[in-house]
1. Which condition breaks for B:Leu202 when tested against (1) under 13 Å from the mean Cα position of the chain (by Cα); (2) within 12 Å of chain A (Cβ to nearest Cβ); (3) surrounded by fewer than 20 Cβ atoms within 10 Å (Cβ to Cβ)?
2. From the list A:Arg305, A:Arg257, which residue is in a helix (DSSP H, G or I), crowded, with 19+ Cβ neighbours inside 10 Å and at pLDDT 90 or above?
3. Search segment B:115-138 for residues being surrounded by 20 or more Cβ atoms within 10 Å (Cβ to Cβ) and among the polar types (S, T, N, Q), and hand back the single one that is farthest from the other protein chains (Cβ to nearest Cβ).
4. Counting only residues that are of a type in the set (Ser, Thr, Tyr) and either farther than 22 Å from A:Trp356 by Cβ or in a loop (DSSP other than H, G, I, E, B) (or both), how many does segment B:144-173 have?
5. Only one residue in B:Ala110, B:Ala146 is over 22 Å from B:Leu202 (Cα atoms), more than 9 Å from chain A (Cβ to nearest Cβ) and touching a residue at least 24 places away in the same chain (Cβ under 8 Å). Which one?
6. Would you be able to tell me the number of residues in segment A:47-90 that are at pLDDT 75 or above, open to solvent by 90 Å² or more (accessible area, probe 1.4 Å) and of a type in the set (D, E, K, R)?
7. In segment A:191-223, what residues are more than 13 Å from A:Leu328 (Cβ to Cβ), within 23 Å of the chain's Cα centre (by Cα) and surrounded by fewer than 16 Cβ atoms within 10 Å (Cβ to Cβ)?
8. Among the residues of segment B:124-143, how many are in contact (Cβ under 8 Å) with a residue 24 or more places away in the chain, aliphatic (A, V, I, L, M) and assigned to a helix (DSSP H, G or I)?
Amino acid sequence: MYNRVAGALVVLTCLGIPAAAQDAAVLERRLDAQAVEARRAQAHFEAYQDTARHLLRRLDTLRAGKVVVLTEQALKPFADSVVRTAVDSLQRVAGTALARIEDHVFVIRVHVWNPWERPEPGDTDMVITVMTTAGRTVREWRGKKSVAMQADGLVHHVLYVLYSDTDSYLGAWLGRNVVPDTVTRLQWMELRKAIVSAIPAVSRRCYDGDIRACAIALELTPGSDPIMAWHDPASRRRAVAVLKQRARRHDEAGAARCDAGSDTDCVTLLLRLMESTALPPLPTFGRTALAMVALKLGGEGALDRLLSPGTMEQRLATAARVPIDSVLRVWHNQVRTSSMPSRDLTGDIVAASLLWIFVLGFISTRSSRWR
Amino acid sequence: MFREIFVTQWKWTRTVVLIASVIAFALPLTALQAAHSAQNAETFVWQMERWGPSYSVLAAAVGLLVALAAWANDHRGRHVYALALPVSRARYVMMRLGAGAAFVIVPILALLMGSVLVAWFGGIPTGLNVYPVALTVRFALAALVAYAIFFAVSAATPKTAGVVLGAIAALLLVQYGLSVANVRYDVLSRVADFLFSSPGLLSVFAGRWMLIDV
């Protein structure tokens, strides 16, 4: 609805542009008409917000500390089970930080199937809608009607509100992701692969042990120029080579000079393309893994400290209660040293194969040809 | 008696085994050669992954050809010689099975040699690991499972083969009938899941076959 209002205002404004050429009376009538439309759009928007607030008031309320869950009367027992299952997890992970979500509510309702959906008989999906008390919808999520699944969904979305909706700076740094409880060895290994595959030179320096390079690659301090901070001349040349189609469209001669070794042309091209942020030194997961490390090091109250003001470098150090270099060293060590046996050969596969070999061997001896 | 069976079966099987061994030795080296053109570790791993199915196909082929070679001459002679031997029939089958299994080991060792060469001299990108032993063990299990399957089929009567083929045909017919009746139940997917997911008969063939991985 809000977009319609904005769109209506833009259209009305565009309609008003030719009025400069018309006489004053016509202009005045146009302005009056626009004012009437704007007031009507504003009334629609306020009515929508009133409807959302009215809807919220009609639902039953469940509370788990600072977490407010709304649901219909018929779903109250189910929602109560969900909240009870979720609350321990939330207290353990978020602790005192939960006070920051006071102006958010979580609505649990049954999903109404769309005409093009073909559910199995007896299937019921539930929807968790995250809203502010002012009626703004933050996010919606749908899952099967299972207490465990809905509890996981509720925990995830409470954390999403904490990380992304209450703190836009942290949310942007985390790429609107939730910091996981733990990072598996496989995820650390995939992160290592991404780091050694990245184009920017700062990624390789980070992998080789330069902790300051890791801080740059993780964008812990805002303001540095990515083209100069992330790259050296060789990696700028590689970056332009990766983007060569677009580079040639912009400046074919400059792309050729860059390829021949002219760093000035490489810098000019990258500035024009503004694509250096499309070749990030680390995937966003690297940052969420770093946040996870800081929270684990910091223990109780770490999340609350992470949400305090400051640059990411300051926040992570405060959350972990150790200098940022120590946090980065732990993170770097995990990236470098995580390993596991081959994923392609598991105990199940070995056991099943040996079993079938013996069974088939036995069957061969029991063939009627041989009896 | 096992020695005689071993020697005669080797004569029937050696060509197949030697060709399979050469292919098994060359496969890791060829995959590495193809992956060396990759610009970064991610692309390198992707290139290696593309060669993964080759290992499972080779394992299945080795099992099939060695099993067929084990019984081809007996089938031609209508098992007269086998039935005339002064050993129990079950023991005779076990000796044939054991001899064939021993021959399957040759291409397995060849694959291990090729994989170890890749590990020692391959110039693997930083951050990646080589798994020569895991790949070879998996190849060995796959080849032996394939050998056991085709050995059992070859050792069986035509009636048994007919039963197996009939069962497959019946599955296809049932799936067709269900789709005509507009019943949303995928029988073939269920059967495929049963066979290929652990601990199914063919589960060793499913999944990734990675000599080099993260």
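The values are calculated or read from the model by the stated rules, or taken from the named source; none is laboratory data. Since this is a predicted model, take the numbers as computed values, not measurements. Because the Cβ atoms are built from the backbone with ideal geometry, glycine has one as well, and the counts that use them run over all protein chains shown. The protein model used for the area step is the full one, side chains on, heavy atoms only, and it has no ligands, DNA or RNA in it. Shrake-Rupley method; radii C 1.70, N 1.55, O 1.52, S 1.80 Å.
1. For B:Leu202, the exception is condition (3).
2. Details: A:Arg257 fails: crowded, with 19+ Cβ neighbours inside 10 Å.
Of the residues listed, the single one that is in a helix (DSSP H, G or I), crowded, with 19+ Cβ neighbours inside 10 Å and at pLDDT 90 or above is A:Arg305.
3. Taking the candidates together, the pick is B:Ser115.
4. First, pick out the residues of segment B:144-173 that are of a type in the set (Ser, Thr, Tyr): B:147, B:154, B:157, B:160.
Okay, now just the ones that are also either farther than 22 Å from A:Trp356 by Cβ or in a loop (DSSP other than H, G, I, E, B) (or both), so B:157.
Number of matching residues: 1.
5. Details: B:Ala146 fails: over 22 Å from B:Leu202 (Cα atoms).
It is B:Ala110.
6. Selection size over segment A:47-90: 4.
7. A:Pro222, A:Gly223, listed by residue number.
8. Taking segment B:124-143 and keeping what is in contact (Cβ under 8 Å) with a residue 24 or more places away in the chain, we get B:124-132, B:135-136, B:138-143.
With the extra rule that they be aliphatic (A, V, I, L, M), the set shrinks to B:124, B:128, B:130, B:135, B:140-143.
Within this subset, residues satisfying the condition of being assigned to a helix (DSSP H, G or I) are B:135, B:140-143.
Looking only at that region, the number is 5.
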